[in-house]
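Take a look at the structure set out below.
Quick note: the coordinates plus some simple rules give every number you see, no bench work behind them. Keep in mind that this is a model prediction, so the values were computed, not measured. All Cβ positions, glycine included, derive from the backbone under ideal geometry; neighbour counts span all protein chains shown.
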Amino acid sequence: MMRKMIYFGLGTLSLTREKAEKMMNEMVDKGEVNKEEARQFIDEAIKKGAEEKEELRQMIRQEYQEIKNQFSLVTKKELEALEARIKALEDKVSTL
């Protein structure tokens, strides 16, 4: 329960190891948790933050793909490929 509250309060996406260690050291000093619990919490918080960061990236990629498909947007790579094809055609036409 306490971990869930801390995760929620801190926002694991923005939780850095330094911030987590500082907070947990304060809790150890106050006797609220022991050192092993603090270390375990820090490791879990960092892992959870990384997992949530990856989930957010996946969601953004998926939304981008949906928007791209809905509005017929092209990527930079696709545009560069089209430009290369146009250049090749221009070169062919100029030699005729």
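Check VAL33: other-chain or 5+ apart residues with amide H under 5 Å from its amide H, H built from backbone geometry?
Correct list: VAL28.
In whole Hz, with x marking every Gly and Pro, tabulate ³J(HN,Hα) for the range 76-82 from phi via Karplus 6.51 cos²θ - 1.76 cosθ + 1.60, θ = phi - 60°.
These are the phi-based 3J(HN,Hα) values: 4, 4, 5, 5, 4, 5, 5 Hz.
Could you list, in their original order, any pairs among LYS19/LYS76; LYS48/LYS76; LYS19/LYS68; LYS53/LYS77; LYS47/LYS68; LYS47/LYS76 whose Cα atoms are separated by more than 29 Å?
Numbers: LYS19/LYS76 38 Å; LYS48/LYS76 33 Å; LYS19/LYS68 38 Å; LYS53/LYS77 26 Å; LYS47/LYS68 32 Å; LYS47/LYS76 33 Å.
Over 29 Å apart, Cα to Cα: LYS19/LYS76; LYS48/LYS76; LYS19/LYS68; LYS47/LYS68; LYS47/LYS76.
Using the basic label-point model (7 angstrom from Cα toward the beta carbon), what is the LEU56 to ASN25 distance in nanometres?
Those two pseudo-labels are separated by 2.6 nm.
By the scheme Lys and Arg +1, Asp and Glu -1, what is the net charge of all other residues having a beta-carbon under 11 Å from that of LYS68? It would help to have the intermediate numbers written out before the result.
Working: positive: ARG61; negative: GLU63, GLU66, GLU78.
Spelling it out: positives minus negatives among the neighbours equals -2.
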